[in-house]
Amino acid sequence: MKRLPMLRDVGLDVLTLCILFIVLLPILWVVVASVRPDSDIASGGWIPQRFTIQHYQEIMAFPGFLVALKNSLIVGITVAVITTTMAVPAAYALSRLSFRGRNFVALVILGTQMLPSVAVLVPLVVIIRQIGLSNTLTALIFTHLSLGMPIAVWMLRGYIDGVPRELEEAALIDGCGRIGAMVRVVLPLIRPAIVAVGTFAFVLSWGEFILALALISKADTKTLPLALQGLFDPYSFSWGRVMAGGTIIALPTIILFLVFRKQLVGGLLAGGVKG
Amino acid sequence: MAVRVLRLLAAETHVVFWQFSTRDADVAAWKNAIAQFEKVNPEIKVDMEIVPWADQQQRLVSALSAGGLPDVSMLGNNVVAQFVAAGSLTPVDDYFASYNKEHGGDVAADVWPGDKGYYYLGGHWWASPVCVETRALYYRKDLFRQAGLDPDNPPGTWEQLAADADKITKASKGTAYGIALSASLDYYTVQNFMSAYLGYGARMIGENGKCGFNTPEFKAALTVYVSMYKNHSTHPDAPSMNGDTLRRGFRDGKYAMILADAGLYGDLKSDNAPFFKDIGIAMVPAGPKGRAAFLGGWPLVLWNASEHKEAAAKWIMFVTHGDALRSLANAANFIPGAVSIAKGPPWNSAPYALFVDQLKDARPYQYPGEAIPQMGQLEVDTIQKAVQAVALGQQSVDAATAQLCAAIDEVLAR
Amino acid sequence: MAIAIGSSDTAQRSNERSTRANLDRMLPYGLIAPAVFVAFAIAVVPMGYAIWLSLQDWYLLRRPTPIWGGLINYIQLFHDASLWAAFGRTWIWTIGTVFVELFLGVPIALLFNRESAVSRTASALILLPWVTPFVVLGFGWRFLLDGDVGPIQGILKMLGISGTGSVLNDPVRALIAIIMISGWKGMPFMVIAVLAALKSIPKDIYEAAEVDGAGAFRRFYHVTLPAIWNTMLTVGIVLGILAFYSFDLPWIMTRGGPQAATTIVGITMYKAVFQELRPAYAAAISVVMLVLLFVASILVLRLRRKD
């Protein structure tokens, strides 16, 4: 009897790996290409025969790349933390509390997402220049906050909607205030959602290019997407180097997520609700 | 001690300079030039900011609307007219005149003839050239021999080019294509195709100030250009490939011919390609009305928003002439924008000599007219759309030309 | 927050109560204040600017500064056939992208919703397409679809979907191809969002359903689907808005071509601002798009399940 479930588990694991492999095939190609010499990438066939770490070396030697990496990390993590910190209470309020203008506020928050970066660009740059914050990471952090905030609020609201009210009623009766109920009951249950939303905010900030380009031109405050642009020389283009750059950009996010993946698992309701 | 303090207190003028190349060699060369300039002009500091090529238009237009323009910048040669029309550049005639007075000679006369069409607008000079660039025909002598063609007789006309490309493709039996021709919306397409339409005598702007392409000459050029795709002399993906891929392909040995810049020679050398000794370079093919080569390059411009115009102009004139330009061009590996310097070493030997020679035939897109402000916009994909449509068989040459002219007229009429 | 059991004085108690009542009333506003402030600060001023700009006449090549134009841009917009074509394509692109994201994302989330080490690691690695920069993916996919050496092109050719050249040469196929790629890129976010929702379904509900005799499909339809429906909808809208203004992917893969087959609104607006130098016109386009997107979102939101 024990063997059947185990076989099923192994089978599903294998299926998971197969699907993962198929879905990630293009990424795999990018990573493999980043360690092959340029001439092999286009014409060497699928199976690599020669390997080189030259592209990575060139990138690491690229002035400002490591600085850009640091800047992107600072901005990304700050944005993720602040976004979730601000979005959770807002989502809770929109979900649980009734107050005047609730639906209107929710819709308008979502609406702020619907303006494209191109339209937002000029007034933003003008304002930031006026307050003297050009070329600072602070300005970028604030700008990126607004990128992810509306979405974070909406998504968290959805998840909180899915948590049964009975749990908080119980806590409120026990003498917790609203905020206590939020922190002690709801938060732990939506931990995976918070991780998801935080990841979203981080990734949005990490890859953001247009606003960063408009706000930052000094080398010591550049972020990764800006630094990556420097790899595109119209006259001596190197596929391998671009692929290596892309891998370096993708990697930190994956590493961060791997570190936090246990959080994604948490949140299972222990003991059930009904009854 | 007092002297030092006084020196510190003396106001330094900072000139913000946007530089568009990210290559290490180029950045080092510019840093060198700046150091030389600052030695001679100790009260001026040049702050170089590196804004990559791909981002320049975006950065400049944003800065135009929101503020933050530099004092001096590099600028693509065919968008100078665009920014002149927007009223954001300062003419440099006066600075030319004072430089002439100080150093003798005539800097305006030292500008390449094609560049005059880009930088001398409405009776004023708006830019000081730094670099010029043109495309020549690289060809593989070994593949020529294999196809039974004379390796010392590269095609001199577009029709010959098409014929040779066809022969080579067939003779190579699938191992190589005759020519790395682009028919996509990439810039590369129009940079090559312009030699064809100008060589056949087509004119972008007609007598009446409207689109002048709707002529048999243009259609003939378009037909012969696209024929190379239709004959399978180039990659089947040519209508959607970009220039880098084709250039890479040539370096990998997949094509027998390519129209490319002088830098490709250096790349091939460092590649250690097995066919390097078989590389020949010839002038771009001519059409029935003569030879017209692509004219690339970029100047330095002085922005109207600058608050340090005198200092900025000093920097511009210093680095775009004389020894400064010579050492810059040498270190960064480009052909200098001053004729007298380009005629001297190392540009009078292979492989540069041919490119320098060809520069006398290098013309702007809207030759023989003056540069139009809308050219930057039109270069993006307007003409390429016509080439791509015909190549893919979506439109006939007549229909594509008519649509092209409609598009150009619409832009000109705004 | 402990409830202060103070003196038995009624007046003091009712004071406390009204203070508490006031605090309770203020609470929601306090909770939403930071988020609203941030969202508005960066959005309200630009929105105002965009509306103002859309009423100006500003063609940088003719005038360095704008002058009042009234509805001139909107009238031009109305007559701009290529813009409406791009607009139509953008809806196809957006809906197509979201469908691919749902179609790939939900089953993968269901598959990865397990306890094993493999599924946990897979849930992290699945993020890769989403976090890899567009520019790199664009080049990677171009190679995969290359008419000569692209492996995926080879497969497509075998299936008869593609001819001798890459799919990117054909207008219809190019659009489909990049919709697929766009959906593939956004799918990871759908996966982790749906996974987060799945993780909140208590196991005993499934067990109860199994005991009741429900098969796998009925368990999915009656237990799983309702639980993730709202998430699918919300994330769908979010990803849809992101996809709507896409610029990088179509620009890098096809430059909006062949001809204008993959020119979507994001590309049109970018060109209008940075190449055609018509910021006022672009502002008018973004105002119109904003309104249309808003209406569409409200309509989709009506499909939400209310508990």
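Some values worked out for this structure:
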| item | result |
| --- | --- |
| Residue C:118 vs. criteria in a helix (DSSP H, G or I), at pLDDT below 85, surrounded by 18 or more Cβ atoms within 10 Å (Cβ to Cβ) and at the interface with chain A (Cβ under 7 Å from one of its Cβ atoms) | no |
| Candidates C:299, C:303, C:290 - the one that is aliphatic (A, V, I, L, M), part of a helix (DSSP H, G or I) and more than 10 Å from chain A (Cβ to nearest Cβ) | C:299 |
| Considering residues of segment C:188-204 that are facing chain A (nearest Cβ under 8 Å) and among the aliphatic types (A, V, I, L, M) only, the residue surrounded by the fewest Cβ atoms within 10 Å (Cβ to Cβ) | C:195 |
| Meets criteria (surrounded by 24 or more Cβ atoms within 10 Å (Cβ to Cβ) and assigned to a helix (DSSP H, G or I)) for residue B:81 | yes |
| Residue in segment B:233-242 that is part of a helix (DSSP H, G or I), buried (at least 23 other Cβ atoms within 10 Å of the Cβ) and of a type in the set (Val, Ile, Thr) present | no |
| Qualifying residue in segment C:124-137 (condition: closer than 30 Å to residue B:245 by Cα and more than 13 Å from chain A (Cβ to nearest Cβ)) | no |
| Residue in segment B:102-109 that is more than 30 Å from residue A:220 (Cβ to Cβ), in contact (Cβ under 8 Å) with a residue 40 or more places away in the chain, assigned to a helix (DSSP H, G or I) and of a type in the set (Val, Ile, Thr) present | yes |
| Condition broken by residue C:270, with the remaining ones in (1) of a type in the set (Ser, Thr, Tyr); (2) closer than 30 Å to residue B:392 by Cβ; (3) surrounded by fewer than 18 Cβ atoms within 10 Å (Cβ to Cβ) satisfied | (3) |
| Condition check for residue B:81: over 22 Å from residue A:118 (Cβ atoms) and modelled with pLDDT under 90 | no |
| Boolean, residue A:62 is aromatic (Phe, Trp, Tyr), farther than 27 Å from residue A:225 by Cβ and surrounded by fewer than 19 Cβ atoms within 10 Å (Cβ to Cβ) | no |
| Candidates B:135, B:203 - the one that is away from chain C (no Cβ under 14 Å), of a type in the set (Lys, Arg) and crowded, with 24+ Cβ neighbours inside 10 Å | B:135 |
| Some residue of segment B:260-275 being in contact with an Asp or Glu (Cβ under 8 Å, 6 or more places away or on another chain) and modelled with pLDDT of 95 or more | no |
| Lone qualifier among A:112, A:85 - being among the hydroxyl-bearing types (Ser, Thr, Tyr), part of a helix (DSSP H, G or I) and facing chain C (nearest Cβ under 7 Å) | A:112 |
| Output for segment C:197-215, where each listed residue is in contact with a Lys or Arg (Cβ under 9 Å, 6 or more places away or on another chain) and among the aliphatic types (A, V, I, L, M) | C:205, C:208, C:209 |
| Residue that is nearest to the chain's Cα centre (by Cα) [pool: residues in segment B:334-371 that are part of a loop (DSSP other than H, G, I, E, B) and closer than 12 Å to residue B:112 by Cβ] | B:364 |
| Selection from segment B:158-180 of residues that are assigned to a loop (DSSP other than H, G, I, E, B) and within 14 Å of chain C (Cβ to nearest Cβ) | B:174, B:175, B:176, B:180 |
| Selection within segment C:247-266 - closer than 17 Å to residue A:213 by Cβ and more than 9 Å from chain A (Cβ to nearest Cβ) | C:251, C:252 |
| Total residues in segment C:201-240, condition among the polar types (S, T, N, Q) and more than 25 Å from residue A:107 (Cβ to Cβ) | 1 |
| Verdict on residue B:120 being touching a Phe, Trp or Tyr at 6+ places or on another chain (Cβ under 9 Å), among the hydroxyl-bearing types (Ser, Thr, Tyr) and not assigned by TED's automatic domain parsing to the domain that holds residue B:89 | no |
| Flag if residue A:127 is assigned by TED's automatic domain parsing to the domain that holds residue A:223, of a type outside the set (D, E, K, R) and under 20 Å from the mean Cα position of the chain (by Cα) | no |
| Residues satisfying the stated conditions in segment A:79-100, i.e. modelled with pLDDT under 85 and under 14 Å from residue A:156 (Cα atoms) | A:96 |
| Meets criteria (facing chain C (nearest Cβ under 9 Å), surrounded by 18 or more Cβ atoms within 10 Å (Cβ to Cβ), out of contact with any Pro (no Cβ under 7 Å at 6 or more places or on another chain) and closer than 30 Å to residue A:115 by Cβ) for residue A:210 | yes |
| Residue within segment C:76-97 that is among the basic types (Lys, Arg) and within 30 Å of residue C:256 (Cβ to Cβ) present | yes |
| Sole exception among (1) within 7 Å of another protein chain (Cβ to nearest Cβ); (2) without any contact (Cβ under 8 Å) to a residue 24 or more places away in the chain for residue A:185, by number | (1) |
| Flag for residue C:59 being assigned to a loop (DSSP other than H, G, I, E, B) and either assigned by TED's automatic domain parsing to the domain that holds residue C:283 or aromatic (Phe, Trp, Tyr) (or both) | yes |
| Candidate set from segment C:139-160 (those that are surrounded by fewer than 19 Cβ atoms within 10 Å (Cβ to Cβ) and small (Gly, Ala, Ser)); member that is farthest from the other protein chains (Cβ to nearest Cβ) | C:160 |
| Which listed residue, of C:281, C:245, C:221, is out of contact with any strand residue (DSSP E or B) (no Cβ under 8 Å at 6 or more places or on another chain), of a type outside the set (Gly, Ala, Ser) and at pLDDT 90 or above | C:281 |
| Pick from segment C:209-228, criterion surrounded by 15 or more Cβ atoms within 10 Å (Cβ to Cβ) and within 14 Å of chain A (Cβ to nearest Cβ), ranking: farthest from the chain's Cα centre (by Cα) | C:209 |
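For (1) in contact with a Lys or Arg (Cβ under 6 Å, 6 or more places away or on another chain); (2) within 23 Å of residue C:44 (Cα to Cα); (3) facing chain C (nearest Cβ under 8 Å), each residue gets a yes or a no:
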residue	(1), (2), (3)
A:29	no, no, yes
A:37	yes, no, no
A:48	yes, no, no
A:59	no, no, no
A:95	yes, no, no
A:100	no, yes, no
A:103	no, yes, no
A:128	no, yes, no
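The values are calculated or read from the model by the stated rules, or taken from the named source; none is laboratory data. No experiment lies behind these values; they were computed from the predicted model shown. Every residue, glycine as well, gets a Cβ built from its backbone with ideal geometry; the counts of neighbours run over all protein chains shown.
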